[in-house]
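Beneath this line is the structure, given in structure tokens, with notes to follow.
The values are calculated or read from the model by the stated rules, or taken from the named source; none is laboratory data. Keep in mind it's a predicted model, so treat the numbers as computed, not measured. With ideal geometry, Cβ positions are generated from the backbone for all residues, glycine too; neighbour counts draw on all protein chains shown. The area values use the complete protein model at the heavy-atom level, side chains included, leaving out ligands, DNA and RNA. Shrake-Rupley method; radii C 1.70, N 1.55, O 1.52, S 1.80 Å.
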Amino acid sequence: MTKQMLGNPKLNVTPIESVTEGTNHIVVDSIQYGNQEMIMEKDIPVTMQDGAVLYVNVFRPNKPGQFPVVMSADTYGKDNKPKITNMGALWPTLGTIPTSSFTPEESPDPGYWVPNDYIVVKVALRGSSNNNDALYPWGLSEAKDYAEVIEWAGVQEWSNGNVGTNGVSYLAVTQWWVASLNPAHLKAMIPWEGLNDMYREVAFHGGIPDTGFYRFWYDGIVARWPETKEIEDLKAAQNQHPLFDNYWKGKQANLSAIKVPMFVCASWSTQGLHNRGTFEGFKQASSTDKWLKIHGRKEWETYYARESLEQQKAFFDYYLKDVDNDWQDTPKVSYEVRDKFYQGETKYASNFPLPNTQATALYLDGQNMSLNSEKPQDTAKVAYNSEAEDGNDEVRFSTTFDQDTELTGNMKLKLWVSADKADDMDLFVGIKKINRQGEEVNFPDFNHIENGQVATGWLRVSHRELDQNKSTPLQPWHTHEKEAKLNNDEIVPVAIEILPSGTLFKQGESIQVVIKGSEVVKGNSTPGLSTRYEHDETINQGTHNIYTGGDYDSHLLVPVIPNH
């Protein structure tokens, strides 16, 4: 293989606003290769089976030949100049995001892919970018349109017939959906951090409605497309469908139908949005060829990092170009075990959850607020005021490790609880790492914040019913299909799903579990900028009680990974 020659610095980069409909010969400011000549076809119409017309932008090498296609699809706008490069004052912790000026939000960068002899196709899904039809995000109708565009791209004169999908967030959500339809020309996919269970992963957390990012995101879609005839009212759906009913089931792609080779990227740090769904996509897909990369860093920064791009390219080279590059020797799972902020060790495994995981119980002791390997003999009750403010609505249990201990995977918190004079409870759970100096070790967290914790969980107690077929010892799976209210001072057991994480606790360091009546890590307080989840519509009132020891086996089940 010949390495791409560097670009010509004497070429003037084409201003985006000078590009017109149809074929344009442009110069792109490639971060990796310098100023690069390429062809951009703007606003190319693609007609759907029902007569609707979608529009795409095509970036291709400025030379004859047939090339594989890297495609992404969303309703953010195919010509959307990336706001991620200029949001610093509002959102200063995004990290370094090196892209060409022709890269729409969360999308593959033509400045990287085209010089490597790929064609980049950016799809504006129905209801966006010159198509004013109804916009229904994250569902089957979008998937059908996406599949038609894939099949269109597979037979164009500039295509070698092989299409790979790629992209972050919404652009990963649409990949789970379209891959479940298995269009013939789709040969590989790179879903980089994207949810696929809208109920559990964004609209509700443990049955508690998200009043932050979910609604902020929807308002942003509405604001982008004032001319669109109809935009599905996701905020109304959240209010009208508080349980996991047929509406939400219709927003869930059939992951087991996916057969295409996949290179999946998940992170420990997008809990509350992309963390859970990315892992479920990897686990549930029927693909024989699938790889999982897990990091504990920031989403966009990691996606556009050169190391990540080279991994993406190696995967696509193998499946879209038939290059014999030993991709099949790549470990099926690579994962970062975090030690400190942006410090960790990359390790490898054959599957996820990690096959050698040892589920280990740490029992809560309300007498001394500790976690213990043995269940305390004596019963204790601890309580907090669920409506208190300034951090007084919580209790914390902890233990110090006597040897280096890696915890990688889901955790489960089992609690016995009751509420004084209330028939329901919203429980918020945080897992924290405390260093030898007694200080919390912070990690990147959703959404790009830097004061995050190890892992997070939530549960509305009336939603405590478990799906016994889907639940595992370390991952309880709640049905959310009916409510089971509390009677008087009834004491009930609950199992709280704590989202996957990977962290090293060194000898002398501590793990701490926080149980609260409100969010453990607060989001951005800037009005109108709800870029993090929030839960302002809780049902909490009065005192919450937690029972430990004796007849009450309240415990934190952790995924210990042996160090040999």
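Listing for the model above:
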{"item": "C-alpha center-to-center spacing [the range 533-564, the range 295-310] in angstrom", "result": "33"}
{"item": "Simple spin-label estimate for E450 and K283 in nanometres, 7 Å along Cα-Cβ", "result": "3.3"}
{"item": "Against the rule of thumb 2.2 N^0.38 Å, how large the Cα Rg of the range 181-336 comes out", "result": "1.17"}
{"item": "Helix-derived mean residue ellipticity, 222 nm - over the chain, DSSP H n ≥ 4, -39500 (n - 2.57), to 500", "result": "-4000 deg cm²/dmol"}
{"item": "Per residue Cα convex hull volume in Å³ - calculated over the range 438-539", "result": "165"}
{"item": "Anchor K144: aspartates and glutamates whose Cα lies under 16 Å away (excluding residues fewer than 8 positions away in-chain)", "result": "D50, D74, D133"}
{"item": "Whole-Å semi-axes of the range 251-386's equivalent ellipsoid (Cα gyration tensor)", "result": "38, 17, 16"}
{"item": "The range 464-517, Rg to Rh (Cα coordinates; Rh as Kirkwood inverse mean 1/r)", "result": "1.07"}
{"item": "All Cα pairs of the range 337-382, percent lying beyond 16 Å", "result": "62"}
{"item": "Dipole moment magnitude, nearest 20 debye, the range 413-524 about Cα centre, only Lys, Arg, Asp, Glu C-beta charged", "result": "340"}
{"item": "With 5 Å bins from 0: P(r) over the range 312-365, alpha-carbon pairs, percent", "result": "4, 15, 14, 15, 17, 14, 9, 5, 3, 2, 1, 0"}
{"item": "Shape parameters for the range 295-448, alpha-carbon atoms, Rg then Dmax in Å", "result": "21.2, 67"}
{"item": "Where W416, W477 fall by accessible area, highest first, once all protein chains stay in place (1.4 Å)", "result": "W416, W477"}
{"item": "Positive-end residue, the range 314-390 charge dipole about Cα centroid, Cβ charges, pick of A361, T330, S386", "result": "A361"}
{"item": "R0 of 45 Å, Cβ-Cβ distance V323-E227: FRET efficiency to nearest 0.05", "result": "0.55"}
{"item": "Nearby aspartates and glutamates by direct alpha-carbon distance to K313 (threshold 14 angstrom, same-chain neighbours under 8 apart not counted)", "result": "D109, D117, D322, D324, D326"}
{"item": "Which listed pairs, of K229/K251; K321/K412; K375/K432; K187/K235, have C-alpha distances above 32 Å, in listed order", "result": "K321/K412; K187/K235"}
{"item": "Pairwise centroid distance, computed over Cα atoms, of the range 148-176 with the range 427-476, Å", "result": "35"}
{"item": "Check: the range 120-216 dipole with +1 on Lys, Arg Cβ and -1 on Asp, Glu Cβ, in debye", "result": "80"}
{"item": "Heavy-atom accessible area order for D390, D29, D424, largest first, 1.4 Å probe", "result": "D390, D29, D424"}
{"item": "From the coordinates shown, semi-axes √(5λ) of the Cα gyration tensor in Å corresponds to which of [x] 55, 34, 18; [y] 48, 30, 18; [z] 43, 25, 21", "result": "[z]"}
{"item": "log₁₀ of I(q)/I(0) at q = 0.14, 0.16, 0.17, 0.24 Å⁻¹ - the range 267-311, Debye sum with one point per alpha carbon", "result": "-0.38, -0.49, -0.55, -0.95"}
{"item": "Equivalent-ellipsoid semi-axes of the range 401-495, from the Cα gyration tensor, Å, largest first", "result": "29, 16, 14"}
{"item": "Accessible surface ranking that places the most exposed of K470, K249, K259, K332 first, with a 1.4 angstrom probe", "result": "K259, K470, K249, K332"}
{"item": "Residues whose placed amide H lies under 5 Å from that of F67, excluding near-sequence neighbours", "result": "S159, N160"}
{"item": "Cubic angstrom per residue, convex hull over Cα atoms of the range 256-335", "result": "92"}
{"item": "Charged-residue dipole, Cβ positions (Lys, Arg, Asp, Glu), the chain about Cα centre, Debye nearest 20", "result": "980"}
{"item": "Surface accessible to a 1.4 Å probe, per residue, for the residues of the chain, Å²", "result": "38"}
{"item": "E345 - accessible surface, heavy atoms, 1.4 Å probe, Å² rounded to 10", "result": "110"}
